[in-house]
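**Student:** Handing you this structure, nothing more for now.
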Amino acid sequence: MREAIARAGHLTCPAPESLVPFALGGGDHTIARHVERCPTCRAEVERLREAADSLRMAASADRRIETPDCLEETAIADFVEGRLAPEARTPVVAHLLTCARCRSLVRATGRLLADPALTPDVRRPWRRWSVPLGLAAAAALVLAFWPSSGDHRSPPPELRERPLTSTLAPSPIAPRASVGQVDRLVWSSVPHAERYRVRLYDGAGSAVWTVETADTSVALPDSVGLTPRATYFWKVEAQTEWRRWAASDLVEFRVGSPR
Amino acid sequence: MVESWIAPLVAGRPEIAWDLFIERYRRLIFGAIRHYTVEHDEVMDVFARVCETLRKDDFARLRRCAAHADPDRPFSTWLVVVVHNLTVDWFRHRDGRRRLPAVAATLPPLRKRIFEYVFFQQRSHAEAYELLRSRDGATCSFSEFLKELSATYRAATAGPRGGLVAELALPPPPANVDEVAGDPAILAEQRTILTQALESLSPDDRLAVQLYVVDEMPAEQVARALGYPSVKTVYNRVYRALAALRASLERVGIKEEGDV
């Protein structure tokens, strides 16, 4: 086809494959202007469109059904990212060729990742083992032996890595570990913090109370009934800029007697 | 950056892991859901569904994912796949399905049935045509059906929920249905010919054609997924594939040379 276009005297014709995006609804203005003036390329575009339409019509028998062979979410994610190892790639490509459902998932994932609204939150590298293995093992050991009952001598370990920002995070002061009763939550102040957000969780990780305040302490309302000897967690976040919060570690406590 | 939630999950502190996980990825999950709906109640319902599913069976899904940990694998991509699946499923099934008929409420009866078959029941276009004729007594030709199908796609995907509705069905039929639509039998024959023509290509190139032409995935994303050096490679492979298809169709007389 390249020869045919050249024979027709259109020496400035773009490479035939450059017509593909234009024929399928995209392409740049230069190609569009050229195609408008060039009958040879216009005819080629029509041929491409016809072949593409034939292919699309053939897909009218496709059906999106989930089967046991459908790809795992990790395989879809790896394929979209172009991360599949050669040996894993062959069966994935073979499946995608026959499965409209998994292809639609690939397409949707690509779209979502390209959504500017999600861009700040995607493509963070996954670095589970980026810390030395010994350190990770030590951290796991600390967690494994973290006392589940209250113990004044054993303050809870820090579970969250420090925020990447240099902003100082607030530090929960009370309650911690085992306490007789809880009337207030108290934390350290953060310079220039406009307000603080406090979250209280039950032992199952469900938020039971959230409040925002400009102060560095807040009274626990009567509506929040803490169950004696049950485990609770709390943390506090300081708003240092608009939509920017510096979070404390999660702190565990238990109440010894009814409030 | 360390995925801080994995260590407590492995160490038998799933609730701590969950708190850390949600803290880090809440915004991404909400963002992915809001890609499909901005209705506050729906966003919150789907978010609850995502949380429930990720926590199910002692966080089995997160544990499986953690087992595939790799320093350079973007965890967020996996999460986007999961949230997309759960969001679309939520709308397709009981809870969300009640909210979607409004999309089809203004459609004429035939298009309503098409909407039901194609968007909710996940039928192929050919199946939907056969069902319309056998169950609903429709008497339209396949070409007429394709026009109705195209109109249904246009109407269903035009509104604020268009992006979501489009995810429920196959890609729409081509715009110029007059030129390509015969009857389903001819279509089946054509499909066989096209399949044979594409067999001369490598599996990767065949998939590139499928993703770019049929599924309308952007060339940049196709190139990334298939490890092509640039979008030009996608265009090149697609051009060669379409030329091969055209030649095959001409050989069997379905398309005549110069009939454009």
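The values are calculated or read from the model by the stated rules, or taken from the named source; none is laboratory data. All of these numbers come straight from a predicted model, not from anything done at the bench. No Cβ is skipped: glycine too gets one built from the backbone with ideal geometry, and neighbour counts run over all protein chains shown.
**Student:** Just one of the numbered conditions (1) over 22 Å from B:LEU198 (Cα atoms); (2) out of contact with any Phe, Trp or Tyr (no Cβ under 9 Å at 6 or more places or on another chain); (3) at pLDDT below 90; (4) of a type in the set (A, V, I, L, M) is not true of A:LEU55; which one?
**Tutor:** With respect to (1) over 22 Å from B:LEU198 (Cα atoms); (2) out of contact with any Phe, Trp or Tyr (no Cβ under 9 Å at 6 or more places or on another chain); (3) at pLDDT below 90; (4) of a type in the set (A, V, I, L, M), A:LEU55 is out only on (1).
**Student:** Return yes or no: is A:ALA94 farther than 18 Å from B:VAL82 by Cα, facing another protein chain (nearest Cβ under 7 Å) and either touching a strand residue (DSSP E or B) at 6+ places or on another chain (Cβ under 6 Å) or free of Cβ contacts under 8 Å to residues at least 24 places away in the same chain (or both)?
**Tutor:** yes
**Student:** Can you give me the ranges of the strands (runs of 3 or more DSSP E) entirely in segment A:162-259 with at least 1 residues that are modelled with pLDDT of 85 or more and buried (at least 17 other Cβ atoms within 10 Å of the Cβ)?
**Tutor:** Working: elements: A:172-174, A:177-179, A:184-187, A:195-202, A:207-213, A:217-219, A:231-241, A:244-247, A:251-255.
Where strands (runs of 3 or more DSSP E) fall fully within segment A:162-259 and carry at least 1 residues being modelled with pLDDT of 85 or more and buried (at least 17 other Cβ atoms within 10 Å of the Cβ), they are A:172-174, A:184-187, A:195-202, A:207-213, A:217-219, A:231-241, A:251-255.
**Student:** Test B:ALA32 against the criterion of being crowded, with 22+ Cβ neighbours inside 10 Å, in contact (Cβ under 8 Å) with a residue 12 or more places away in the chain and more than 17 Å from A:ALA207 (Cα to Cα), and give yes or no.
**Tutor:** Working: crowded, with 22+ Cβ neighbours inside 10 Å: yes; in contact (Cβ under 8 Å) with a residue 12 or more places away in the chain: yes; more than 17 Å from A:ALA207 (Cα to Cα): yes.
Spelling it out, B:ALA32 is indeed crowded, with 22+ Cβ neighbours inside 10 Å, in contact (Cβ under 8 Å) with a residue 12 or more places away in the chain and more than 17 Å from A:ALA207 (Cα to Cα).
**Student:** Would you check if B:VAL43 is part of a loop (DSSP other than H, G, I, E, B), among the hydrophobic types (A, V, I, L, M, F, W, C) and either more than 10 Å from every other protein chain (Cβ to nearest Cβ) or under 18 Å from A:TYR201 (Cβ atoms) (or both)? Outline the logic, then answer.
**Tutor:** Working: part of a loop (DSSP other than H, G, I, E, B): no; among the hydrophobic types (A, V, I, L, M, F, W, C): yes; either more than 10 Å from every other protein chain (Cβ to nearest Cβ) or under 18 Å from A:TYR201 (Cβ atoms) (or both): yes.
For B:VAL43, the condition - part of a loop (DSSP other than H, G, I, E, B), among the hydrophobic types (A, V, I, L, M, F, W, C) and either more than 10 Å from every other protein chain (Cβ to nearest Cβ) or under 18 Å from A:TYR201 (Cβ atoms) (or both) - is not met.
**Student:** Something else: B:SER4 fails exactly one of the following numbered conditions: (1) facing another protein chain (nearest Cβ under 9 Å); (2) modelled with pLDDT of 90 or more; (3) over 20 Å from B:GLY159 (Cα atoms). What is the number of that condition?
**Tutor:** Failing condition for B:SER4: (2).
**Student:** Take segment A:43-82 and flag every residue that is among the polar types (S, T, N, Q) and over 23 Å from B:ALA166 (Cα atoms). Quick ask: steps written out before the conclusion?
**Tutor:** Taking segment A:43-82 as the starting set, the residues that turn out to be among the polar types (S, T, N, Q) are A:54, A:60, A:67, A:74.
Hit for segment A:43-82 is A:THR74, nothing else.
**Student:** Pick from segment B:90-122 the residues that are more than 30 Å from B:CYS51 (Cβ to Cβ) and assigned to a loop (DSSP other than H, G, I, E, B): which of them is modelled with the lowest pLDDT?
**Tutor:** Residue satisfying both the conditions and the ranking: B:ALA105.
**Student:** Failed condition for A:GLU50, given (1) out of contact with any His (no Cβ under 6 Å at 6 or more places or on another chain); (2) under 17 Å from B:HIS84 (Cβ atoms); (3) surrounded by 14 or more Cβ atoms within 10 Å (Cβ to Cβ), with all others met?
**Tutor:** (2)
**Student:** Identify all residues within segment B:8-29 that are buried (at least 21 other Cβ atoms within 10 Å of the Cβ) and among the acidic types (Asp, Glu); write none if there are none.
**Tutor:** B:ASP19, the sole residue that qualifies.
**Student:** Condition check: of a type in the set (D, E, K, R), modelled with pLDDT of 90 or more and surrounded by 16 or more Cβ atoms within 10 Å (Cβ to Cβ). Does B:ARG135 satisfy that? Let's see the steps before the verdict.
**Tutor:** On the way: of a type in the set (D, E, K, R): yes; modelled with pLDDT of 90 or more: yes; surrounded by 16 or more Cβ atoms within 10 Å (Cβ to Cβ): no.
Answer is no for this residue.
**Student:** In this structure, does B:ALA241 turn out to be touching a residue at least 40 places away in the same chain (Cβ under 8 Å) and either of a type in the set (Phe, Trp, Tyr) or more than 7 Å from every other protein chain (Cβ to nearest Cβ) (or both)?
**Tutor:** yes
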